[in-house]
Amino acid sequence: MRNLREYVRPATADDAVSAKQAHGTRAAYLAGGSDLLVHRPPHLEVMIDIRHCGLNDVRSEDGHIVIGGAALLRDAEAAVTSVAAGMLADAFRDTAPWLIRNAATVSGNIANASPAADAVPALIALDAVAVLAGGDVDMAPVGEIPAGPHRTNLGDALITAIRIPTKPRRGSFVKLARSHSDIALVNLAMSFVPDGGRMRDVRVALGAVAPVAVRAGAAEAVLEGQEPTDDIIAEAARAVNDDIRPISDWRASEAYRRRMSGVLLGRAVHRARQRTETE
Amino acid sequence: MKIAVTVNGTREEWDVAPAETLLDALRDHGYRGAKRVCESGECGACAVIVDGLAIDACIRLAVQSDGSQITTVEGLETADGLHPVQEAFTANGAIQCGFCIPGMVVTAANYLEMNPQPTEDDIRHVFIGNLCRCTGYKKPVEAVLASVSEEVGRRED
């Protein structure tokens, strides 16, 4: 950030977008700073602080929870405890330590486009949609925003909100990492609509096993309409191998990530099932 | 750039560079309780309370704090004496080299405002963002728990 020369504090999302469009890639939207002020990109000349644009709230609205584009992880976590049996709150809590959750935003976790972002698979597994200002489209599924490691399809667009349907689902978020809020070796979120003992409308999404978080279509197909028996879980754990493209890096090898993806799938289904039974 | 902040109840007007962090601005103006260590939001040694929430000051631009109320570890003490968390850290031997302690104390003091009766597990979760290389976490966690029980005792007096 040695070239940073300007800080702007727009009062509306439209003003924020105008500032971004005026400066293009030389400018960045800034909220919690937990990624931008760590990486401190040297080319940045303008910081656009989006914390004063009226985007900080989390509210319920016509069957959705609407997380403002500058809402803190801490506030979002508190507002989603009933969504999918706590699955989303677990993902928000595991995203970062408490000090960081007091500053960082849900939208920032998406826009930073880390392949290991914890909030992203959880939002994908709940059919969450991002509301955009200044983009080619007004809405986009959260899963379509990351384009690759730390690259997005946002251009100059600003995420003004994330809308999560509150239809009754069950689910769970599980993560393999050195500690709760460390960067994931693998993370996995799943959700479904309970139908007697069966799982309907199953969603499974994983992070840190491909350049962007992925929906696990093969594993979903195995689980769809089934009761979560040990045989079905084992079959889904094998199928998830077809859904992922992990790499080896200093955190974990490709082979380990593959094996752990199946293990996490089993844990996630077990946890979701336990929660369904105890309610 | 000119900014105005209130630090520990004192109004300050500072001239800061656009890329300057809140941590650097605080330390340059004499508030050295917040420590500069990792400069990447990993270790919590620079924790300060900004507008009611404890954050890592190393990953907040000073200009972002224009108009904010800031409390550093120096501001936790009142006319009645040290903050209960400070008292408890001292009484429980939770301090060794001490470098991470201001951040731990600020973090715990702010957390207790939101959760006045935490479990040990709650405190351990909160301290994930506060790294200590000497004592570990047993004594600091015990100190926070002790500060809570002492506060309860005081209320009964």
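The values are calculated or read from the model by the stated rules, or taken from the named source; none is laboratory data. Computed from a predicted model, the values in this text were never measured in an experiment. Here the Cβ is made from the backbone with ideal geometry for all residues, glycine too, and neighbour counts use every protein chain on show. Accessible surface is based on the protein model in full, side chains and every heavy atom, while ligands, DNA and RNA are left aside. Shrake-Rupley method; radii C 1.70, N 1.55, O 1.52, S 1.80 Å.
Observations on the model:
- Reciprocal of mean inverse Cα separation for the range A:1-157 (Kirkwood radius, Å): 15.8
- Contact order, relative form, for the range B:2-74: 41 percent (alpha carbon pairs under 8 Å, 6 or more residues apart, mean separation divided by residue count).
- Note on residue A:25 and residue A:40: their simple-model spin labels are 2.2 nm apart, each label 7 Å out from Cα toward Cβ.
- Solvent exposure of chain A, expressed per residue, is 41 Å² of accessible area, with all protein chains present and a 1.4 angstrom probe.
- Evaluated over the Cα positions of the range A:94-214, the convex hull gives a direction-averaged projected area, one quarter of its surface, of 7.9 nm².
- Peptide B:58-66 shows a mean partner chain C-beta count of 6 within 10 Å per residue C-beta.
- Relative intensity, log₁₀ I(q)/I(0), of the range A:128-198 from a Debye sum that treats every alpha carbon as a point, q = 0.13, 0.17, 0.20, 0.26 Å⁻¹: -0.58, -0.87, -0.99, -1.09
- One Cα centroid belongs to the range B:30-104, the other to the range A:253-272; the line between them spans 39 Å.
- Direction-averaged projected area, Cα convex hull, the range A:144-272: 8.6 nm², rounded to one decimal.
- For residues of A:172-184, the mean tally of beta carbons on other chains within 10 Å: 1
- Taking 7 Å steps out from each Cα toward its Cβ at residue A:249 and residue A:12 produces label points 4.0 nm apart.
- Peptides B:74-87, A:148-161, A:202-215 ordered by packing proxy, namely the average of other Cβ atoms within 10 Å per residue, highest first: A:202-215, A:148-161, B:74-87.
- Computed extension gain for residue B:113 through residue B:91, at 0.36 nm per residue and net of the alpha carbon distance, reaches 5.8 nm.
- Calculated P(r) of the range A:78-142 - Cα pairs past 19 Å, %: 33
- Using a 1.4 angstrom probe on protein heavy atoms only, the contact between A and B buries about 2200 square angstrom of accessible area, both sides summed.
- One decimal place: the segment residue A:144-residue A:221 gains 25.6 nm when fully extended, by the rule 0.36 nm per residue minus the C-alpha distance.
- Dipole check for the range B:2-74: with +1 at the C-beta of Lys and Arg, -1 at the C-beta of Asp and Glu, and the Cα centre as origin, the magnitude is about 140 Debye.
- Charge dipole of chain A (Cα centre as origin; +1 on each Lys and Arg Cβ, -1 on each Asp and Glu Cβ, all else neutral): 740 debye, rounded to the nearest 20.
- Averaging the Cα positions of each part gives two centres, and for the range B:119-141 and the range A:163-224 these lie 30 Å apart.
- Alpha-carbon Debye profile of chain A, log10 I(q)/I(0) at 0.06, 0.07, 0.08, 0.14 Å⁻¹: -0.18, -0.25, -0.32, -0.94
- Estimated inter-spin distance, residue A:78 and residue B:2, nm [label 7 Å along Cα→Cβ]: 3.6
- FRET efficiency, residue A:153 to residue A:234 (Cβ-Cβ, R0 35 Å, nearest 0.05): 0.45
- Evaluated on the range B:84-147, the Kirkwood hydrodynamic radius is 11.3 Å, with distances taken between all distinct Cα atoms.
- Chain B: DSSP helices with Cα axial extent of at least 27 Å and average Kyte-Doolittle hydropathy no lower than -1.0: B:138-156
- Ratio of the Cα radius of gyration of chain B to 2.2 N^0.38 Å, where N counts its residues: 1.03
- Residue-wise HN-Hα coupling along the range A:171-178, computed from phi with Karplus coefficients 6.51, -1.76, 1.60 (Hz; x: Gly, Pro): x, 7, 10, 10, 8, 10, 7, 5
- Over the range A:213-279, relative contact order from alpha-carbon pairs under 8 Å, at least 6 apart, %: 32
- Using the Cβ-Cβ distance between residue B:134 and residue A:180 with R0 set to 22 Å, the FRET efficiency from 1/(1 + (r/R0)^6) comes to roughly 0.45.
- For the range B:11-22, backbone phi angles converted through the Karplus equation (6.51, -1.76, 1.60; θ = phi - 60°) give residue-by-residue couplings of 6, 10, 10, 10, 9, 10, 7, x, 8, 5, 7, 4 Hz, Gly and Pro being listed as x.
- Cα-derived Rg to Rh of the range B:2-74, Kirkwood definition: 0.91
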